[in-house]
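What follows is one structure encoded as structure tokens, with my remarks underneath.
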Amino acid sequence: MPSYHNISGEVTQQLIGAASERPIKSISLANVHADTPCTVDLYIQKQGTGIFYLLKNTLLPIGATLIYDEATFSTRSGEFGLFVKLTKSASETPVVDVIIN
């Protein structure tokens, strides 16, 4: 079942917790801000092991959608959580919609 997230601000947000057990096939990131591109980091993290980047410092232009369809991994219980970090590239607040299949 897909999950949907509206993310606003220069933030790091957990999309899927390590306590859930869910296979992930694709992740869609859409910059819905009217005027400003942003930079996106998408990563999985395991406590005590570290961060593993799927996307690092990836520019998401105004109105663009990036589909990461090589995300064939599972957030097994107690292991990896999925996170997104948005960074503004101007003075405006980044706004990104995320859909996880």
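The values are calculated or read from the model by the stated rules, or taken from the named source; none is laboratory data. Keep in mind the model is a prediction, meaning the values are calculated, not measured. Positions of Cβ are backbone-derived with ideal geometry, glycine not excepted, and every protein chain shown enters the neighbour counts. Each accessible area value is taken on the protein alone, full model and side chains, heavy atoms only, with ligands, DNA and RNA left out. Shrake-Rupley method; radii C 1.70, N 1.55, O 1.52, S 1.80 Å.
Would you be able to tell me the number of residues in the range 1-47 that are assigned to a loop (DSSP other than H, G, I, E, B) and open to solvent by 70 Å² or more (accessible area, probe 1.4 Å)? Spell out the reasoning first.
First pass over the range 1-47, keeping only residues assigned to a loop (DSSP other than H, G, I, E, B): 1-2, 9-11, 17-22, 25-26, 32-37, 47.
Adding the requirement that they be open to solvent by 70 Å² or more (accessible area, probe 1.4 Å) leaves 1, 10, 19, 21, 25, 32, 34-35, 47.
Looking only at that region, the number is 9.
Please find, among 4, 68, the residue that is of a type in the set (Ser, Thr, Tyr) and modelled with pLDDT of 95 or more.
4 is the lone residue from the list that is of a type in the set (Ser, Thr, Tyr) and modelled with pLDDT of 95 or more.
Between a first residue in the range 85-101 that is free of Cβ contacts under 8 Å to residues at least 12 places away in the same chain and over 17 Å from residue 24 (Cα atoms) and a second residue that is crowded, with 20+ Cβ neighbours inside 10 Å and of a type in the set (Ser, Thr, Tyr), which pairs have beta carbons less than 8 Å apart while being 6 or more apart in sequence or on different chains?
Qualifying pairs under 8 Å: none.
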